[in-house]
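A short write-up of the structure that comes next.
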Protein chains: 4
Amino acid sequence: MGKRYETDVRVRFSDLDALGHVNNARVLTLLEEARVDWLWADAVQNGLEGLVNAIVVARQEIDYLRPILFGNPVQVDIGVTRIGGASFTVDYELHTEGELAVRAVSVLVPINLEVGRPRRLTDVERAYLAQFVAG
Amino acid sequence: MGKRYETDVRVRFSDLDALGHVNNARVLTLLEEARVDWLWADAVQNGLEGLVNAIVVARQEIDYLRPILFGNPVQVDIGVTRIGGASFTVDYELHTEGELAVRAVSVLVPINLEVGRPRRLTDVERAYLAQFVAG
Amino acid sequence: MGKRYETDVRVRFSDLDALGHVNNARVLTLLEEARVDWLWADAVQNGLEGLVNAIVVARQEIDYLRPILFGNPVQVDIGVTRIGGASFTVDYELHTEGELAVRAVSVLVPINLEVGRPRRLTDVERAYLAQFVAG
Amino acid sequence: MGKRYETDVRVRFSDLDALGHVNNARVLTLLEEARVDWLWADAVQNGLEGLVNAIVVARQEIDYLRPILFGNPVQVDIGVTRIGGASFTVDYELHTEGELAVRAVSVLVPINLEVGRPRRLTDVERAYLAQFVAG
């Protein structure tokens, strides 16, 4: 049974655009905050500094289901949908005021910072990520 | 034969994140700038104020093919891939230093601002958008 | 004796620029978050919706004393240093990891949204703000 | 007679906040763009890479004289008001639609990146900056 990482993300006044709701690009920043929180607060405590120091985003898909307004924090939960040799895929659900507002997917690629190139996932990383795979 | 709207977008120093390249969320801002430029500079001159005043993004897909660094402006070109009753889909290609760096798609929904709800595309809007459909 | 409003503000990964610390412009966003939190969480509960709905910034001064890195939330405390007829001045101190990192001042002007022009502070607003004046 | 560096900066839709004008923090980003453009396009061509690679902002003052709306680019001009041993001060004027909208000042400190500490201005840098001092 896959668990999901859950965290609150605070919406800033400056996340709103002139239409009065969180800008479409800024929604990715909210998801990034949740992902960084996951990898810093949780993965690092499990000895996975490598996942934090250098990950790049290879692909994203976002469905905007309802507008996000200023006010209470939003809730984001994250799971893992695929673990490849040199990349993995996470999915997100973002709720605001109890309603699902965003569904998204990111393909993430760990980087070897010394050579500036993608690297393979280690066994420890794969085991950590595997906990978050639904099944 | 579909034409594509082409425009340059300047990368700001503040678009970079701590990894030294344009942040993944900020890439959507560069695409938004190109789209807004298209709709303001071109569509409005063709009498389509309605497309500018209120459009929301329903879905996006982005493939990040190579990092975007600070320096020269990037080139973005935009076409239309689908014209529906109450939405349309555009695709983007972003080049930096002569190389394709991003490929993306947005599903856009025009809004009736008075009632705050999606509305149907008008015939004039459909005809305008049709010029940008490849074929 | 003036009290100060104290709140934590979370630093986002995307607040960092290519130098690896919070960008100078983004520091104003952290202060804005604290100010908005003050006016929403505290002033509104005291019946001062007018202060929240429309305030514009007329002037700011910021001293950047040390860099703000990614990690723990920063602490911001806010006081009032001047209450004028149609504006007031607040000062901020931002601490990170126990050290003072930013000292700043903002001159704020309440706006009458219906006519889009500055308005005078009401007696209730002046009484609320007076609690935060050191003396 | 001091010259001033003049450049246009494009306002992005995403620079607007929910009040429909450029956010107060984002105004600093517009000034940063002008400053970076000055140092990259002009100073570097005069052999002053050091000024570009690492400068931090020690203090800023900003007067917001009128709102900046979305539309045409703004014009920013920059001069130098003080050249110290290990810092210098620049002033900015930002015009929108022919009207002065922002007046600001930044104290800038060059950094020795290898040791991560402020360094003294070189003679070549001082001579370059001196051209921009009014007198």
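Here, each number is a calculation from the coordinates, and none is a lab measurement. Because the structure is predicted, anything quoted here is derived from the model rather than measured. FYI the Cβ positions are ideal-geometry reconstructions off the backbone, even for glycines, and counts take in every protein chain you see.
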The convex hull of the Cα atoms of the protein assembly as shown, divided by residue count, gives a volume in Å³ per residue of 185
Surrounding net charge for A:PRO73, when Lys and Arg each add one and Asp and Glu each subtract one, Cβ distance under 11 Å: 0
Over the protein assembly as shown: helical MRE at 222 nm, DSSP H runs n ≥ 4 each giving -39500 (n - 2.57), nearest 500: -5500 deg cm²/dmol
Cut-off under 5 Å, modelled amide H: who pairs with C:VAL102 long-range: C:LEU65, C:LEU94
Column: log10 I(q)/I(0), Debye, Cα scatterers of region B:5-130, q = 0.11, 0.14 Å⁻¹: -0.40, -0.62
Rounded to the nearest 0.05, what FRET efficiency is calculated for C:VAL133 and C:ASN112 with R0 set to 30 Å and r the Cβ-Cβ distance? 0.80
Charged-residue dipole, Cβ positions (Lys, Arg, Asp, Glu), region B:1-70 about Cα centre, Debye nearest 20: 100
Charges on Cβ only, +1 for Lys and Arg, -1 for Asp and Glu, centred on the Cα centroid of chain C; of C:LEU51, C:LEU31, C:VAL109, which one is farthest towards the dipole's positive end? C:VAL109
On Cα atoms only, tilt of A:24-37 relative to the major axis of chain A in degrees: 50
Sorted from shortest, what are the nm distances separating the label point of D:ARG119 from equivalent points in the other copies, each placed 7 Å from Cα along Cα to C-beta? 3.1, 5.5, 5.9
Please state the relative contact order of chain C as a whole percent: Cα pairs under 8 Å, 6+ residues apart? 31
Report the closest approach of any chain A C-beta to the axis of the A-to-C rotation: residue and distance, in whole angstrom. A:ARG10, 3
B:ARG82's amide H: which non-local residues (gap 5+, or another chain) put their own amide H closer than 5 Å, with H modeled 1.01 Å from N in plane and none for Pro or chain starts? B:THR89
